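Each remark here refers to the structure printed beneath this line.
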Amino acid sequence: MWDATEYLRFAGHRGRPFLDLVARVPAEAPASIVDLGCGPGNMTVTLAERWPEASVEGVDSSAEMIERARTDHGAAADGRVRFTRADLRDWSPTDPVDLLMSNATFQWVPGHLELLAQLVAGVRPGGWFAFQVPGNFGEPSHTELAAVCEQPRWRERFAGAELARPWVAEPIEYLERLTALGAEVDVWETTYLHVLQGEDAVLRWISGTGLRPVLDVLDEQEQAQFTADYGARLRAAYPQQGFGTVLPYRRIFAVAQVGGVA
Ligand SMILES: C[S@@+](CC[C@H](N)C(=O)[O-])C[C@H]1O[C@@H](n2cnc3c(N)ncnc32)[C@H](O)[C@@H]1O
C-alpha cells in the first residue's frame, strides 16, 4: 500500500513533527533505540546522529518502505542503523530498549490504545517512549475524502472492500493510559500551518498517505475519476495563494518516562 517516493515528496514538512518530538526527549545517552513504523528511514537515521553511541533499529511492516530504507540508509552511521520488516503489533524486544519512538504510525493501527501496555513493557525502567500521531481527521482533507467515498457510485464500488481507516484517540486518553501504566507523561498538541508549493499540493500530500488505501481498491481509470472529484473539492477547501497552499495540520505528541527502578 505504501509508495516511498510519493511519501518522501513532502519530506521536509513531514519530518518537522518528528524533530519537534525528539527535541522533547531528554534521554542523555541511550544505547538502544527502536523506531516503530520507520517508513523510508530518513527520520530514523536522524536518531543515530542525535545520539552517536546508540544502535538504532527501524521497524516497518511495509516491504517497500523497508527496502527503500535499507537502500538509502542501510549503511548510515557506521552500521549503527538497521531496518527490520515486522508488524509493530507483534513487537517485543529481546532486551528492553532505552528509547522507543514512533512517528505518524499508530493512526494505522486500530486499537493501539490497547497496545500501549505491551509497548511500555518493551522499554527499560527509566527509559523513554515517545510518539506522535496526526489529529486532523475532522479537517476537509479527510471529510471530503469520506464524502466522495459516500457517493452512490463509489459506495457501491467499495462495498465489501476493507478500507484501512486511520484513527487516533484524544490527547487526554494517551495521558491517562500512559500514566496508569506508571509512566511520567508529557502530552501536547500543535497545529502546523504547512505552506505547500505547486498545483494540487494537498492532493499530492494526501496521495502519499490517507488516499492510498482508497486508490489501492480502484483500477487506473477509476483512480483518475476519483482523484478528479476529490481534487476539485480540495482546491475549494484549500485555495492556492500567491505564496502557496496552506495545509493546517494538527498533531498530538506524547513523551513518557517509563516508571520502575532505573
Ligand atoms: C505515515 S508513515 C510514517 C513513516 C515515518 N515514521 C515518518 O515519520 O516519516 C507510516 C508508516 O507506518 C507503517 N505501518 C503502518 N502500520 C504498521 C504496523 N502495524 N506495523 C509496522 N509498521 C506499520 C507504514 O508501513 C508506514 O511506513
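What is the one condition in (1) free of Cβ contacts under 8 Å to residues at least 40 places away in the same chain; (2) within 19 Å of the chain's Cα centre (by Cα) that Ser141 does not satisfy?
Tallying (1) free of Cβ contacts under 8 Å to residues at least 40 places away in the same chain; (2) within 19 Å of the chain's Cα centre (by Cα), Ser141 fails exactly one: (1).
Give just the number: which of (1) farther than 22 Å from Pro213 by Cα; (2) surrounded by fewer than 22 Cβ atoms within 10 Å (Cβ to Cβ) does Trp128 not satisfy?
(2)
List, please: which pairs have Cβ atoms under 6 Å, are six or more places apart or on different chains, and start with a residue in the stretch 1-17 that is within 10 Å of Asn42 (Cβ to Cβ) and end with one that is more than 9 Å from the ligand (Cβ to nearest atom)?
Within 6 Å, the pairs are Ala4/Arg68.
Of all residues in the stretch 18-45, how many are more than 19 Å from Gly122 (Cβ to Cβ), away from the ligand (no atom under 11 Å from the Cβ), in contact (Cβ under 8 Å) with a residue 40 or more places away in the chain and in contact with a Gly (Cβ under 9 Å, 6 or more places away or on another chain)?
Final tally of qualifying residues: 0.
Given the criteria more than 8 Å from the ligand (Cβ to nearest atom), touching a Ser or Thr at 6+ places or on another chain (Cβ under 6 Å) and under 14 Å from Asn103 (Cβ atoms), does Gly58 qualify?
In short, yes.
Regarding the stretch 80-96, can at least one residue be identified that is assigned to a strand (DSSP E or B), among the acidic types (Asp, Glu) and more than 20 Å from Gly208 (Cα to Cα)?
No, the stretch 80-96 contains no residue that is assigned to a strand (DSSP E or B), among the acidic types (Asp, Glu) and more than 20 Å from Gly208 (Cα to Cα).
Restricting to helices (runs of 4 or more DSSP H) lying wholly in the stretch 169-262: which have 1 or more residues that are free of Cβ contacts under 8 Å to residues at least 40 places away in the same chain and among the hydroxyl-bearing types (Ser, Thr, Tyr)?
171-180, 220-237
Can you pull out every residue in the stretch 215-249 that is closer than 30 Å to Arg177 by Cβ and buried (at least 17 other Cβ atoms within 10 Å of the Cβ)?
Listed by number, the residues that qualify are Leu247, Tyr249.
Can you spot a residue in the stretch 134-152 that is under 13 Å from Gly37 (Cβ atoms) and surrounded by fewer than 18 Cβ atoms within 10 Å (Cβ to Cβ)?
No, because not a single residue in the stretch 134-152 is under 13 Å from Gly37 (Cβ atoms) and surrounded by fewer than 18 Cβ atoms within 10 Å (Cβ to Cβ).
I'd like the residue in the stretch 66-99 that is under 11 Å from Gly37 (Cα atoms), crowded, with 16+ Cβ neighbours inside 10 Å and among the aliphatic types (A, V, I, L, M) and, out of all such residues, is nearest to the ligand (Cβ to nearest atom).
It comes out as Leu88.
With a cut-off of at least 3 residues that are hydrophobic (A, V, I, L, M, F, W, C) and over 13 Å from the mean Cα position of the chain (by Cα), name the helices (runs of 4 or more DSSP H) lying wholly within the stretch 1-68.
Result: 44-50.
Taking the stretch 131-151 only, how many residues are in a helix (DSSP H, G or I) and out of contact with any helix residue (DSSP H, G or I) (no Cβ under 8 Å at 6 or more places or on another chain)?
3
Does the stretch 98-115 contain at least one residue that is modelled with pLDDT of 95 or more, part of a strand (DSSP E or B) and more than 14 Å from Asp60 (Cα to Cα)?
Yes, the stretch 98-115 contains a residue that is modelled with pLDDT of 95 or more, part of a strand (DSSP E or B) and more than 14 Å from Asp60 (Cα to Cα).
Across the stretch 1-17, which residue is farthest from Phe253 (Cα to Cα) among those that are within 9 Å of the ligand (Cβ to nearest atom) and in contact with a helix residue (DSSP H, G or I) (Cβ under 9 Å, 6 or more places away or on another chain)?
Met1
The values are calculated or read from the model by the stated rules, or taken from the named source; none is laboratory data. Nothing here was measured: the structure is a model prediction, and the numbers come from that model. Note: ideal-geometry Cβ built from the backbone for every residue, glycine included; neighbour counts use all protein chains shown.
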